[in-house]
Amino acid sequence: MAANDQLLHLHDERLSIVISTRGNVPAIVYWGSFLGHSPLHQNLFTRAILGGGIDLDPPLGIIAQHHDGWLGNPGFEGCFPDGSGSFPHFVITSSANTTTSADFTLRDARLDLDLRISIEIHASGVTAISGAFTNRGSMPFLLHSLRFALPVPPRAQELLTIGGRWGMEFGEQRTPWTQSTISVSNNRGRTSHEKWPVVFAGTAQFGEQHGEVWGCHVGWSGNFDITLDGVTEHRKHMMVGEKLIAGELAVQPNETYSAPTVYAVHSSHGLSSASQHFHQFVRSRLRHENTRRPVTLNTWEAVYFEHNFDTLTKLADVAAHVGVERFVLDDGWFSGRRNDTAGLGDWTVDSSIWPDGLTPLVSHVKSLGMEFGIWCEPEMVNPDSDVYRQHPDWVLHRGANTAITGRNQLVLDMSHIEVRNYLFNCISRLLDAHDISYVKWDHNRDLVASPAHSQTLGTYELLDRLKKAHPQVQFESCASGGGRIDFGILPYVDRFWTSDSIDPLDRMLIQRGAQRLMPPEVLGTHIGSPISHITRRSHSLTFRSSTALFGWLGVEWNLLDASPHELDRLTSVIAQYKTLRPLLHTGLLFREDHPDNNIMVHGVSAHDQSHSLASVTRLANGPSSHVDPIHLHQFNDDTTFMIEPLHLGTPTYAPHRKLPQWIDEGSITMTGKQLREIGITCPPLLPASSFLIQIHKVM
């Protein structure tokens, strides 16, 4: 609530955001732990005016402006076609607020331009910041940027950024943040493997369970820019928003541009708590309790383009036998698609491969008690396709140069309604003609020399139409693996494909990074074949299974090549997963720091702590064969818990003469305080192996 006419104090029981309206512009002056209910005064946030500069201490507005004296990156940039209007000055004309939200309307009366800014603290602890720009004038306005500024206190000394490459997404990088400015900027036209729009700043050496952390995410599936400025005016801040290329967006008279929403979290208890806020937000936005998440078999690594009815029906038979609940036919089913050089865009069943259509396969899968799913890549087109030959003008391309292909394909211009109508009709006919419950929606290349804003909005619009027309169908966002995972596309999909690499050793790191934002149940985690198709490394079924357990489980393996023993073990793993699924898909995900960087500790705990599952993984050999005790911080001190090992198959350990006694005995009881202060003694682990621990509340 307002403490005076210049401060708004938004808060819940954990978080405070204080907004100053000094100078008639909204500026966040505090973002952190709850400040209580005592009155706040402007002089708590007023700094000295220094010599050698302008004669005021410039505010860092939520949308920073040069006209307020801010000489860092502005939050709003653009001009009219004649070059005028480059330095607008927006001031508040009206505002409204509740305890947890505030809305501001700002206007530049001279230029006839309006802004709207909204801030809301959700019950999850996530703060959503949104904004819109309206051109009230008589000329188009060439908008270059609309970005939000989030202040971070000087004690934030370290950054965690996330990115990687195809097949190794979501790697984590730590960077000192003192007198420096760091940019995370994406120009690939999709969310990207290389740079992810998720950043955390924290106190020095912040960890999973300790340190203060501030995080933000741009909820957008196109280009973005996050500038982490530790220099300008000695005000550390994150400048966050969509990245627009020059001339990409002309806001016509009386039109409105809505900026992608920025999502922010604060934690006084480390990274795990920050991620839990994001996870709770995602769960609040999904039909979470009613969402079915069947164990899935995807055919890609089993058969690739070699579609054969007899082979696929046999594969479906084995899949049903081991407990798979959904059978997904991947790339290769449509006209002309014998390899990746032709067919994209022609979304009709290839009669040369499927003379009776897909109905016999769908019927066979359904007769086995499984659901049927299918792959498509609607935003793409091969030059060797009927649709390209008929409509070359549908391709997304700017300029006179020849368009560059990626994976032998071009991109359809999703801003054109005729393109979206064509795709909607093709996909709807497919879904109407067959009992299909799931669509794996792929996006296998970046955009080159092409605008991303209208492309992204067009994809959202098409997905929204399809979801409304086919509410029973689940959609997965895949983009060469994890290239499009974000809150922008979240309302239109039910699942994300985390990475094309199913190598469990890589997946431990990939899933850790992806779970900084997304809860495990929306991330596809598959058990691959004994030899990874991406890395060519070999891992045990136990390790492959224990890695895939923490997510939406699937299988990506030609089970026709599996031995009877492997199939028996896989059947057991899937049955165990189904038992654990309610816990894994609703509990709080936690991670723990460990003194050995080669050891990774994570788990899921029920909200009432009645049941938890923890995983201890040795990624590589360390300085000792001993695994230092695993300290768990999230359990109530005076509650007693039963600790038991969970084996997915016959356990194998590093060379030893005797295991810890509690493992031989099968269990041990510990209090929550003992779990935190003493920790669980672990067996010696081989590289690329995990030890699973079940924890049940006794009293």
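Observations on the model:
- Where SER352 falls short, out of the listed (1) free of Cβ contacts under 8 Å to residues at least 12 places away in the same chain; (2) at positive phi: (2)
- Qualifying residue in region 144-160 (condition: crowded, with 19+ Cβ neighbours inside 10 Å and over 26 Å from VAL29 (Cβ atoms)): no
- Elements of type strands (runs of 3 or more DSSP E) contained in region 511-606, each with 2 or more residues being at pLDDT 95 or above, surrounded by 20 or more Cβ atoms within 10 Å (Cβ to Cβ) and of a type in the set (Ser, Thr, Tyr): none
- From the options PHE278, PHE309, residue that is in contact with a Phe, Trp or Tyr (Cβ under 8 Å, 6 or more places away or on another chain) and surrounded by fewer than 17 Cβ atoms within 10 Å (Cβ to Cβ): PHE309
- The residues in region 324-352 that are out of contact with any strand residue (DSSP E or B) (no Cβ under 9 Å at 6 or more places or on another chain) and surrounded by fewer than 19 Cβ atoms within 10 Å (Cβ to Cβ) can be counted, and the count is 4.
- Filter pass, THR498 being out of contact with any Phe, Trp or Tyr (no Cβ under 9 Å at 6 or more places or on another chain) and either in the same structural domain as HIS647 (by TED's automatic domain parsing) or over 22 Å from ALA316 (Cα atoms) (or both): no
- Answer residue from region 61-101, given it is among the hydrophobic types (A, V, I, L, M, F, W, C) and not in a loop (DSSP other than H, G, I, E, B) and is farthest from GLU233 (Cα to Cα) among those: ALA96
- Some residue of region 28-43 being outside any loop (DSSP other than H, G, I, E, B) and at pLDDT below 95: yes
- Enumeration of residues in region 110-146 that are closer than 30 Å to ILE245 by Cβ, assigned to a loop (DSSP other than H, G, I, E, B) and not acidic (Asp, Glu): ARG110, LEU111, VAL126, ARG136, GLY137, SER138, MET139, PRO140
- Strands (runs of 3 or more DSSP E) within region 164-245 that include 2 or more residues over 19 Å from the mean Cα position of the chain (by Cα): 168-176, 181-186, 224-229, 237-242
- Checking each residue in region 405-435 for being surrounded by fewer than 19 Cβ atoms within 10 Å (Cβ to Cβ) and of a type in the set (Asp, Glu) picks out GLU418, ASP432, ASP435.
Rundown of residues vs (1) assigned by TED's automatic domain parsing to the domain that holds VAL251; (2) touching a Phe, Trp or Tyr at 6+ places or on another chain (Cβ under 9 Å); (3) in a helix (DSSP H, G or I), yes/no style:
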residue	(1), (2), (3)
ALA403	no, no, no
ASP432	no, no, yes
LEU447	no, no, no
LEU463	no, yes, yes
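- Scanning region 436-454 for residues that are surrounded by fewer than 19 Cβ atoms within 10 Å (Cβ to Cβ), in contact (Cβ under 8 Å) with a residue 12 or more places away in the chain, of a type in the set (S, T, N, Q) and in contact with a Ser or Thr (Cβ under 6 Å, 6 or more places away or on another chain) turns up at least one hit.
- Qualifying strands (runs of 3 or more DSSP E) (wholly inside region 613-699; at least 1 residues being among the charged types (D, E, K, R)): 640-646, 689-697
- Residues in region 40-63 that are out of contact with any helix residue (DSSP H, G or I) (no Cβ under 9 Å at 6 or more places or on another chain) and within 29 Å of ALA274 (Cβ to Cβ): 4 in all.
- Residue among SER221, SER258, SER268, SER272 that is touching a helix residue (DSSP H, G or I) at 6+ places or on another chain (Cβ under 6 Å) and either surrounded by 18 or more Cβ atoms within 10 Å (Cβ to Cβ) or at pLDDT 95 or above (or both): SER221
- SER689 in contact (Cβ under 8 Å) with a residue 60 or more places away in the chain, crowded, with 20+ Cβ neighbours inside 10 Å and closer than 24 Å to LEU588 by Cβ: no
- Scanning region 613-629 for residues being touching a residue at least 40 places away in the same chain (Cβ under 8 Å), polar (S, T, N, Q) and out of contact with any strand residue (DSSP E or B) (no Cβ under 6 Å at 6 or more places or on another chain) gives a total of 2.
- No other residue among PHE170, PHE206, PHE224, PHE200 is farther than 26 Å from PRO153 by Cα, hydrophobic (A, V, I, L, M, F, W, C) and touching a strand residue (DSSP E or B) at 6+ places or on another chain (Cβ under 6 Å) apart from PHE170.
- Residue in region 110-117 that is more than 29 Å from SER183 (Cα to Cα) and free of Cβ contacts under 8 Å to residues at least 24 places away in the same chain present: yes
The values are calculated or read from the model by the stated rules, or taken from the named source; none is laboratory data. Small disclaimer: the values here were computed from a predicted structure and weren't measured. Neighbour counts run over all protein chains shown; Cβ positions are idealised from the backbone, glycine included.
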